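Here's the structure we're looking at; comments come further down.
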Amino acid sequence: MTETIEDIEIELLLQAVYQHYHYDFRNYARASIKRRLLHARSQLGYDSISAMQSDVLHDRTMLPRLLNYLTVQVSEMFRDPSYFRALREKVIPHLRTYASLKVWVAGCSNGEELYSLSILFREEGLAHKTLFYATDINPTALQAAEAGVYPLDQIRLFTENHRKSGGHSSLSDYYTADYGRAVFDKSLRSQVVFSDHSLVTDAVFGEMHLISCRNVLIYFNRELQNHAIGLFHDSLARRGFLGIGSKESLRFSEHAGSFSEFVGDEKIYQRTTP
Amino acid sequence: MTPRAIVIGASAGGVQALSRILPALPARFSIPVLVVVHVPRRRDNALVELFGAKCAVDVKEAEDKEVLGGGTIYFAPADYHLLVEGDGSISLSSEEAVNHSRPAIDVLFETAADAFGPALTGIVLTGANHDGAQGLKAIGAAGGVAIVEAPETAEVPTMPAAALEQCPSARAMSFDQITTYLQELAAP
Ligand SMILES: C[S@@+](CC[C@H](N)C(=O)[O-])C[C@H]1O[C@@H](n2cnc3c(N)ncnc32)[C@H](O)[C@@H]1O
């Protein structure tokens, strides 16, 4: 289709955000970005994307608000329980053999996936020797992840997911209910490093035994997926594991040959090359 | 103009409605068909299995970043939005529900209208909500062909009626008319 004025404005806004703030959304899957920016424009009350761009450039406080539109923060604990079950049953036995472990949750959003893994590692008796890295580009999400507080009305789903993942403790052991909120135990994050890290613009993270990056790659175009998977490859220890989202794949990546399917149905891969 | 894609949205009663339309597509049908059906969050692939057994053309679940190919029916996976990119590939997304639905018909229709403009046909079938109305309007506005299942004969008329209200230029058709229309697109 021919480029509309709106398409041009979006291109320019993304370029501006990149040049001024170094957040690079230029190679994200454009259809979703466009929908979300048009939504931002109408919700924030602008007549055009260009008018919004002007404020984004001149008013720093606009950036976090815009990031909340540009990034998708939908998540849940033990999302896709069968993935966590596969980690528990198939990956954990391999991880047990190491003296110490590093786990990277990339694109951790509000922390749901991180706390799920932290609980799982505790249940499997590996928590004491594991260091977690939880990273995201959205500062609001990272703050929420550090806080570990979720609306109580989500707990039913989380509890059900946890049970289906093969959890052998009760999720209620890990949080206290408080004014409609579930506050997760801070010991779950005593061995977690939270940090701002972009899979697009930042460097390799060394020697991970497990990287879990779910429902982030689908927001990237093919080239960016390729780049991120290369980054994961280079951040994994030999024979380290990579888990991605249930509808994501390595097939557009030139690094696909450097991984073997470990649990194919659950999108868990193992680095094979030296 | 031969469309570059056909998009179909269906909700309550949708599986039966689609069972009258999709199996009638001839094996030589060469246009990609993208379908969003509202189904409760459940086992993947149920629709693909069901229609794969009934249809002459290939049926598959839409995969992230794949390029649309002719003569294939793509179903949105349960719990993911299905979007069309400007280059004719597709993306999946687990972002917020739209019209209380994920996948949402509006998301597919609006992004497809953006990608294909006038070279797109959109069809809204039976359903008990308003999803697809804004999307069909976008298809009409981009110069595409807008079709609704005739509300009088639809199992649940709310959704096609809402689409017709938003997109008054849409043609209301019976199942037979819809199948004939699609079969004629396949004629050499
Ligand atoms: C849909 S959430 C996924 C949350 C969780 N991993 C899950 O599967 O439930 C996507 C997250 O990716 C983050 N994200 C987007 N672009 C990123 C990038 N370039 N680097 C790191 N994280 C990114 C977003 O801020 C958001 O928190």
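All of the numbers you see were taken from the coordinates with simple rules; none came from a lab. On a predicted model such as this, the values are computed, not experimentally measured, just so you know. Cβ atoms come from the backbone with ideal geometry, glycine included; neighbour counts cover every protein chain shown.
Provide B:Tyr74, B:Tyr80 in ascending order of the number of other Cβ atoms located within 10 Å of each residue's Cβ, fewest first.
Values: B:Tyr74 25, B:Tyr80 22.
Least crowded to most crowded, the residues run B:Tyr80, B:Tyr74.
Tally the DSSP beta bridges in chain B and give the antiparallel ones as a percent, rounded to 5. Show your work: numbers first, answer last.
On the way: 6 of 30 bridges.
DSSP beta bridges in chain B are roughly 20 percent antiparallel.
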Starting from the 7 Å offset along Cα-to-Cβ, what nm value, one decimal, do you get for the label separation of A:Lys129 and A:Arg65?
5.0
Which value at 222 nm does chain A reach when only helices count, each DSSP H run of 4 or more adding -39,500 (n - 2.57), with the total divided by all residues and rounded to the nearest 500 deg cm²/dmol?
-11500 deg cm²/dmol
At a threshold of 8 angstrom on Cα-Cα distance, excluding pairs fewer than six apart, so keeping six or more, what relative contact order does region A:146-274 reach in percent?
19
Going through the cross-link list A:Lys34/A:Lys267; A:Lys164/B:Lys60; A:Lys34/B:Lys65; A:Lys90/A:Lys129, which pairs have a Cα-Cα distance over 26 Å in this structure?
A:Lys34/A:Lys267; A:Lys164/B:Lys60
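Using DSSP, restrict attention to beta bridges with both residues in the protein assembly as shown and report what percent are antiparallel, rounded to the nearest 5. It would help to have the intermediate numbers written out before the result.
Details: 21 of 64 bridges.
Antiparallel: roughly 35 percent of the beta bridges in the protein assembly as shown.
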A:Tyr46 paired with A:Glu146, simple spin-label distance in nm, labels 7 Å along Cα-to-beta-carbon:
2.8
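Can you compute the charge dipole magnitude of region A:83-147 about its Cα centre, using +1 on each Lys and Arg Cβ and -1 on each Asp and Glu Cβ, nothing else charged? Give it in debye, rounded to the nearest 20. Intermediate values should be presented prior to the final figure.
Values: 7 positive and 7 negative charges, 71 e Å.
With Lys and Arg at +1 and Asp and Glu at -1, about 340 debye.
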State to the nearest 20 debye the size of the charge dipole of the protein assembly as shown about its Cα centre, where the only charges are +1 on K and R beta carbons and -1 on D and E beta carbons.
1140
Dipole of chain A, positive end: most advanced residue of A:Ile229, A:Tyr115, A:Tyr21 [Cβ charges, Cα centre]
A:Tyr115
In terms of the charge dipole of region A:5-70, which places +1 on Lys and Arg and -1 on Asp and Glu at the beta carbon, the residue among A:Ile8, A:Ile33, A:Val56 farthest towards the positive end is A:Ile33
Summed residue charge, Cβ within 11 Å of A:Pro139's Cβ, Lys/Arg positive, Asp/Glu negative
-3
Considering chain A as a Gaussian network with a 10 Å cut-off on Cα pairs, which listed residue, A:Thr61, A:Thr130, A:Thr71, attains the greatest mean-square fluctuation?
A:Thr61
Among the DSSP H helices of chain A, those whose Cα atoms extend at least 27 Å along the helix axis and whose mean Kyte-Doolittle hydropathy is 1.0 or higher are none
Calculate how many DSSP beta bridges within region B:76-149 are antiparallel, expressed in % of all such bridges and rounded to the nearest 5.
55
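Going by how many other Cβ atoms sit within 10 Å of their own, how do A:Leu210, A:Leu70 line up, fewest first?
Numbers: A:Leu210 25, A:Leu70 22.
Final ranking by Cβ density, sparse to dense: A:Leu70, A:Leu210.
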Long-range amide H partners of B:Asn45, meaning residues 5 or more apart or on another chain whose placed amide H is closer than 5 Å, are B:Ala78
May I ask for the distance between the Cα centers of region B:59-78 and region B:92-133, given as a whole number of Å?
15
